[in-house]
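Working notes for the structure below.
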Amino acid sequence: MRLLHFADLHLDAPFLWAAPATAERRRQALRDTLETIVELAHRLRADALLCGGDLYEQATFTPDTAAFLRRTFERAHPLPVLIAPGNHDWLAPGSVYARGPWSPNVTIFRSDHLEPVELADGLTVWGAAYVAPTRRSGFLEGFRTGRAGVHLALFHGAAQGGFFAGLGHAPHAPFTEAQIRGAGLDHALVGHYHTASGGERFTYPGNPDPLSFGETPGRDGPRGAVLAAVGADGTVTRERWQVARSQVHDVGVDVSGCGSGQEVRERVRQALAGRGGCARVTLKGEVAHEIDLRPELLRDLAPELEELVAVIGDVRPAYDIGRIQAERTVRGQFVRDVMAAPDLTSEQRRRVLITGLRALDGRSDLEAG
Amino acid sequence: MRLERVLIGGFGPFRDRELELAPGLTVVHGANETGKSTWLAALWAALCGLRRGAGATNEGRDFAARHRPWAGGPWQVSVRLELAGGRRVEISRDLDHRTGSARDLALGGEVGAEIMNEGTPDGSRWLGLDRRSFLATACVRQAQVLEVLESAGALQVHLERAAASGGGDQTAAAALRRLEDFERDQVGREVANSVRPLRMARKRVEQAEAGLAAARAGHDRYLEAAERAGRLEAEADAAGCHRDRWRAALLHRRAARAGRDLARARELAARRSEAGSLPPPEAEDGLSKQVAAALAGVHGLPAPAPALNGSSAADLERELAGVPGHPEGDCEVAPRVAEAFAGWRAADQALKDHDRRRPAPPESPAPLPPADALRELAGELKRLDGAPAARSRSGVRGGPALAAAAALAGVVLAALGASARPPAVPAAAWLAAAAVLLAAAAALVFARRSPQGGGRSAAGRRARAQEQARAWGLPADPARLRELAERVEAARWQGERVAGWQRDREWSARRWREAAAALGAALAERGATIGGDPLHDYRLYEAGCRERAGQARAAARREDLGQRLRERRALEAGAERDRRRREEVGAELRRVAERCGVRGTDEAALVAALRGWEGRRDEVRERSRRQREAGLREGAELASLLSEGSLGDLESRVGRLAAEAGRAAGPFPPGELAGLELGDHPDARLAELADAAQRAAAQAAAARREVDIRGAGLAAVAAAEEEQAAARAELRRVEALADTLRTTRRFLEAAERRAHREIAPVLTGKLEAWLPRVTGRHREAIVSPQTLQVQLRSNDGQWREAGLLSQGTREQVYLLLRLALVEHLGDPAEPSPIILDDVTVQSDAGRTGALLELLHEVSRERQVILFSQEDGVREWAERRLSPSRDRLVRLVAAD
């Protein structure tokens, strides 16, 4: 039995870092990725497609998302599609799931306790839904399959202990690997953590399409979908597939030694060469203090990108602060005072120094990046 | 620091040139185009170098354009210098590559790292300056002097610039204004109508938050509408399912019924086909009518009348002839007569009864005084029996009168008592006798009560009583007297009784007479004969009545006989009619029977035979009727079954209904449909259910339309959240910028105040120390710590602003201030050389001399290098310079 599992697609999620047009493209990219997943299920000849929750955002979904989901899963027919609503797409009365009709191949788990769906002779998938935006108790608490055969679970929950102890997620439907074994389950296909991860008996596929910058591959491989091959004895062999159609890059650029804005731009351009999608560029290093470094001056650097988010990170203008401090001038006094001011944060100190020194230099770019 | 030698490998017009510099004052003299500016630039470039890095500034580009070797070749320059500590260093520059090195001439080591600035060694760093501030602080150019001379405020501005950054172009005040301007443009004030970034950012945040709130509210309403629509759709589905189930059940029933109809139609059609056409209705033939009429005639015959008995009509006619007529007069006692007779009989009886009650006549004793007198006397005698004799002798006065009255009464009573029949004794007579006796008694009583009598003695009274008794002829015995009194009293009562009876009899007799007269009148009225004896007259009338009654009873039979006669005649006539009718009916009956072929011995047999004939005929007709009716019924039933077409059509319809029922059955189990109780009005119920389902569907559709409408107009929450995030980020940026600008201004203002406070006394001290030596007129000076304005006090004691003094004074003050600034801004441990470029060109000979003297004085403390084109300066140098410390370099054009 081959099951393609995914979760945490978060259709209609807001992209707070993106410009409006980019955000819309990102949301479309999420939809494209779902279609990719369905296509992958067909290509891999999966016996069923399973979603471990957070398929969409209940708080922000648009009406056409409901139509899109129905249409997409209907096109997947007769491939069985099993959905276990999570905390972001919880089974609200006015939710996408509440309105039908869904094609007959779609099964949406609607109970807040695990219920069985027999996918094949001897193979049962137990699924459950969030019926509220939060859930403190685990789906596996007090649960036992109580019957023979191979049993899998499909739900949205937070694994506890071990690798997952420090992930900092709110304890949504917590569970442990021991509970999986104790319940008589052979494996749990789950969603919630966006990093591709898992344990011996459970699998997080990770969010299949990037939602923010810095989404690196997980411990167990790329984020995306997981093809779970279920053996007759209940063993599960996992194969992770990257399905995202879009790219989101997080690039750091050291601009140390740059003597001009043009040099900085050139260095950034080189760093972004060959990349597509969206990119966040974080500058760092020491540059000539004459250089006007503002994020908006870098935005046109890579027109081939959907979105370039420039961040002035740890960039230090090459003022010789030590020498200036020694000056018996207003400037020297200013730098001494600022450096000695106890109530300034380092960031404020940096900004005030740059702004003041630029003002004393007669510059017009007084806003420190 | 003292610069010893500047070496040019290639710089502007020069190649491989060298300029030796004195430790004190070096005057480099040359006319125009002799290379003064080139040496000045080369000196600066050799000492400070050019900053490395791409993106050269305009200044750098201009510098390169002016000072690259004109004839090509390497752009190289170097300088040898000695630091205050005695260390001698040579700084070599490859200006083409902007590289350089600083080599300790004694040790041979590279010391460039000590003074590295913007990528290249910068010798001014040993002075506490950099290549920019060295130029601004230690290099005094002709243009700057001219500026001071031409503008009264230039001196102060220059001081401010120097105080701000050691000689840059900007003053702290200008920096503060720039910050203020920048804040005004890039932040702005928080006022309602502002279009500056801060207000706009706040506005954007407000709008974004409002937009987000509206989007979320719209989304919530959309969800609510979706929830409601979902609920209504579920209800509509349930209603539709209910309707469909009902409809399916109804169609199921109709299909079943249509199937049965089809079977029935087939059966009827087959039967009609077998039976052929229906028999025609039996015609009403004439024989049946005749039979019916004949039998009706028999039936209409009256029952055979019994034989007429009794007297015949003739007998009765004869008997009637012998009956008397009705009598004249009363046949019974007339009521009035009877009433009058009863009245008379009662009066007569009353009179007779009264006569039978006639009382006996009263006793007739001798005349006695009245009973009361007797009792009085008896009483008197009785009382006097025990009294003294005198008293008894008193007697009764009036005795003689009393005796006379008593005697008279006795006579009257005796006379009355002699009459035997009361009617013969008038009551008046009895009354007269009684009155006499009463008078006697009264006389007795009067006599006894007379005072003369009473007053007499008992004897007297007794004597008079006894006398009285004797007078009355009575014993003077009280008992006897009382007895006599009783008899007198009884006789009086009986007399009164007789008188009463007599009065009553008179009355009864009058009644008797009146009743007799009434009876006579009544009898006379009835025509009776009146004879005077009421009873006889009545009896006679009564007997006449009885006689007339007997006649009347005989006459009464006459009517009865007449009636009997009429009835008898009618009976006899009816019997005759019946007889003839029976004959006619019998004849018709026999005729009809003959025609019907039935026989009978008599009429009854014929009737029975004809009725049998009718019965058989009716049975045939009934069978025919029933057969026809059944045929008609079945035909009608078949027609009804086939009302919508032929049997084939019905078969098609059944097929359609079955198919329709099958389709309608859909998801419903057949058992569920069959078990559904449809009731008596399933179509009406289906209409209700369909109506309910339609309403529910309409409501659900309306709710879904509302969802669609809300969905179509729904603002994207995600986009609104993004806009809010962007707006907040922009606001944070502007707020951070505002905070940075304000903090910067605060620090800069404070730094300005402090720096000015520090520099002002330094400048003041330097001016006061050197100015008298230069000008000879100003001994006191003051530099404002707030504004760095310079004021000088003349010998006349007046304070004047330096910028308003003479040009020469301004020039001297400026140079002194520059010297003071070099001292103040530079590293005190490493005095900076001062380089001056034609600073006296605008001065007259006197001022030039004074300045030169000043510079010469200054050169004792720090190296002074003066570039000049003036011959006066050269001449002064030739005259005043010390060969051991100073040097005059003459530049010629050929050089």
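A short reminder: the numbers here are calculations on the coordinates, not readings from a lab. These numbers were taken from a predicted model, which means no experiment stands behind them. Glycine gets a Cβ as well: all are built from the backbone with ideal geometry, and neighbour counts include every protein chain shown.
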Check: How do B:165, B:508 rank when sorted from fewest to most other Cβ atoms within 10 Å of their own Cβ?
Finding: B:508, B:165
Next item on the list: Could you tell me whether the range B:208-323 comes out rounded, prolate or oblate from its Cα gyration tensor? Rule is a ≥ b ≥ c as square roots of the eigenvalues, rounded for a/c under 1.5, then prolate if a/b exceeds b/c, otherwise oblate.
Entry: oblate
Item checked: Mean separation of Cα contacts under 8 Å (6+ apart) over length of the range B:47-164, as relative contact order % -> 21
Check: In what sequence do B:182, B:11, A:334 fall when counting other Cβ within 10 Å, fewest first?
Finding: B:182, B:11, A:334
Check: Looking at the square roots a ≥ b ≥ c of the eigenvalues of the Cα gyration tensor of chain B, which shape do they give, rounded for a/c under 1.5, prolate if a/b is larger than b/c, or oblate?
Finding: oblate
Next item on the list: Starting from the Cα gyration tensor of the range B:793-859, take the square roots of the eigenvalues, sort them a ≥ b ≥ c, and report rounded, prolate or oblate (rounded when a/c is under 1.5, otherwise prolate if a/b is larger than b/c, else oblate).
Entry: oblate
Notebook entry, point to check: Taking the alpha carbon gyration tensor of the range A:108-236, what are the square roots of 5 times its eigenvalues, largest first, to the nearest whole Å?
Noted result: 23, 17, 14
Next item on the list: Would you please put A:147-159, A:83-95 in order of how densely packed they are, using the mean number of other Cβ atoms within 10 angstrom per residue and starting with the highest?
Entry: A:83-95, A:147-159
Margin query: Given the options B:664, B:250, A:109, identify the residue whose Cα lies farthest towards the positive end of the charge dipole of the protein assembly as shown (+1 on Cβ of Lys, Arg; -1 on Cβ of Asp, Glu).
Written below: B:250
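Can you give me the relative contact order of chain B as a percent, contacts being Cα pairs under 8 Å and 6 or more apart? Could the numbers behind the result be given before it?
Working: 1320 pairs, mean separation 222.9, N = 895.
It rounds to 25 percent for chain B.
Could you grab the relative contact order for the range B:84-218? Cα pairs under 8 Å, six or more apart, rounded to a whole percent.
Relative contact order, the range B:84-218: 10 percent.
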Margin query: I want the local charge near residue A:311. Using Cβ-Cβ distances under 11 Å, sum +1 for each Lys or Arg and -1 for each Asp or Glu among the other residues.
Written below: 0
Margin query: Projecting each Cα onto the charge dipole of chain B (Lys/Arg +1, Asp/Glu -1 at the beta carbon, about the Cα centre), which of B:60, B:575, B:44 comes out farthest on the positive side?
Written below: B:575
Notebook entry, point to check: Tell me which lysines have Cα within less than 25 Å of residue B:203's Cα, excluding those fewer than 8 residues away on the same chain?
Noted result: none
Notebook entry, point to check: Of all DSSP beta bridges located in chain B, what percent are antiparallel, nearest 5?
Noted result: 70
Check: When B:252, A:289, B:97 are ordered from fewest to most other Cβ atoms inside 10 Å of their Cβ, what list results?
Finding: B:97, A:289, B:252
Notebook entry, point to check: To the nearest 20 debye, what is the magnitude of the charge dipole of the protein assembly as shown about its Cα centre, counting +1 on the Cβ of each Lys and Arg and -1 on the Cβ of each Asp and Glu?
Noted result: 7700
Notebook entry, point to check: Counting only DSSP beta bridges with both residues in chain A, what percent are antiparallel, rounded to the nearest 5?
Noted result: 30
Next item on the list: Only Lys, Arg, Asp and Glu count, each charged at its Cβ (+1, +1, -1, -1), so figure out the dipole size of the range B:28-187 about its Cα centre, rounded to 20 debye.
Entry: 380
Item checked: Proportion of all alpha-carbon pairs of the protein assembly as shown beyond 57 Å (%) -> 66
Checklist line | Charge context of residue A:119, other residues only, Cβ under 12 angstrom, K/R +1, D/E -1 | finding: -2
Notebook entry, point to check: Amide H of residue A:306: which non-local residues (sequence gap of 5 or more, or other chain) have their own amide H closer than 5 Å, using H built in the peptide plane?
Noted result: A:277, A:278
Notebook entry, point to check: In debye, nearest 20: dipole of the range B:635-734 around its Cα centre with unit charges on the Cβ of K, R (+) and D, E (-)?
Noted result: 740
Next item on the list: Shielding by partners for B:169-180, please: the mean number of other protein chain Cβ atoms within 10 Å of each residue's Cβ.
Entry: 5
Next item on the list: Express as a percent, rounded to the nearest 5, the fraction of DSSP beta bridges in the range A:70-183 (both residues included) that run antiparallel.
Entry: 35
Margin query: Given the -39500 (n - 2.57) contribution per DSSP H run of 4+ residues, what per-residue ellipticity at 222 nm results for the protein assembly as shown, rounded to the nearest 500 deg cm²/dmol?
Written below: -18000 deg cm²/dmol
Notebook entry, point to check: Principal axis lengths of the range A:24-63 from Cα atoms, whole Å, largest first?
Noted result: 33, 21, 14
Check: Non-local amide H neighbours of residue B:865 (under 5 Å, H modeled in plane, Pro and chain starts lacking H): which ones?
Finding: B:26, B:834, B:835, B:836
